[in-house]
Amino acid sequence: EDQVTQSPEALRLQEGESSSLNCSYTVSGLRGLFWYRQDPGKGPEFLFTLYSAGEEKEKERLKATLTKKESFLHITAPKPEDSATYLCALISGTYKYIFGTGTRLKVLA
Amino acid sequence: DGGITQSPKYLFRKEGQNVTLSCEQNLNHDAMYWYRQDPGQGLRLIYYSQIVNDFQKGDIAEGYSVSREKKESFPLTVTSAQKNPTAFYLCASNKGPENGYTFGSGTRLTVV
């Protein structure tokens, strides 16, 4: 069964304390893996697409990486404005779009 | 700037009432989607449409209906048959089946 699992469910960091969010998956034929950011009461905002193992994408303090079993969203020296829920999603070999339940990140000043 | 507009932002439904959520996009995307988001759960697909005048049921279509008469518009009706409609509803679109989504800002529906 195609599945996406995100960990941890919630994460509290001090400002400047770097960390990583995990998205592990089992899928029959990965066509693409996506990261989104969602602020409370708003729709998710697209961050990155990764298509193959070994691929990396960066944007400001965020870097996404992909292996054959998982993806990481690395946050370097986070700021309070990085507080949000981060969602991972993928497209399976049968074009089914599957979302994880997200990691709620809180960065304290 | 192109994007997706959902309205209203908040909606209250009485028991036995049908309500319609609006979704309009000016991104020229062929595919549009409706998702439901509940606390502690991943986004669940209600309906999707890959082309005008055609749409398919998602994982939780019971109690919902849609139409796709124009490329830009994909309204969702929550019918009285939906027993637990209180949720955050998200409309999305994308260029094609292997692309990420652009989401609207959502509609929060509450049953009163």
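Rule-based calculations on the coordinates, nothing more; no lab input. Quick caveat: nothing in here was measured; it's all calculated off a predicted structure. Cβ placement follows ideal geometry from the backbone for every residue including glycine, while neighbour counts extend to all protein chains displayed.
Hey, how many Å between the Cα centroid of region A:38-93 and the Cα centroid of region B:1-68?
When both Cα centres are located, 24 Å separates them.
Normalised by the number of residues in chain A, what is the relative contact order in percent for Cα pairs under 8 Å and 6+ residues apart?
37
What order do you get for B:F103, B:F12, B:F55 when you list them from fewest to most C-beta neighbours inside 10 Å?
Ascending Cβ contact count within 10 Å gives the list B:F12, B:F55, B:F103.
Once amide H atoms are built 1.01 Å from N in the peptide plane, which residues 5 or more positions from B:V111, or in another chain, come under 5 Å H to H?
Counting only residues 5 or more places away or on other chains, the set is B:R13, B:T86.
Considering only DSSP states other than H, G, I, E and B, which trypsin sites (Lys or Arg not before Pro) in region B:3-80 qualify as loop sites with at most 14 other Cβ atoms within 10 Å?
Qualifying residues, ordered by number: B:K9, B:K14.
In region A:1-79, what GluC sites (Glu not before Pro) fall in a loop by DSSP, with at most 14 other Cβ atoms inside 10 Å? Please list the in-between numbers first.
On the way: sites: A:E1, A:E9, A:E15, A:E17, A:E45, A:E55, A:E56, A:E58, A:E60, A:E70; in loops: A:E1, A:E9, A:E15, A:E17, A:E55, A:E60.
Here the sparse-neighbourhood loop sites are A:E1, A:E9, A:E15, A:E17, A:E60.
Run the reach check for A:K42 against lysines, Cα to Cα strictly under 19 Å, same-chain hits fewer than 8 apart removed. What comes back?
Straight-line reach from A:K42, under 19 Å: A:K106, B:K9.
Mean-square fluctuation check for chain A, GNM, Cα pairs under 10 Å: which of A:T94, A:T49, A:T26 is largest?
Fluctuation is largest for A:T94.
Pick from B:Y64, B:Y47, B:Y101 the residue whose mean-square fluctuation is largest in a GNM of chain B, springs joining Cα atoms under 10 Å.
Residue with maximal mean-square fluctuation among B:Y64, B:Y47, B:Y101: B:Y101.
Quick check: from the Cα gyration tensor, does region A:49-109 come out rounded (a/c under 1.5), prolate or oblate?
Here region A:49-109 falls in the oblate category.
Which entries in the list A:K59/B:K71; B:K57/B:K83; A:K63/B:K57; A:K69/B:K70 go over 28 Å, if you measure between the two C-alpha atoms of each?
Those over the limit are A:K59/B:K71; A:K63/B:K57; A:K69/B:K70.
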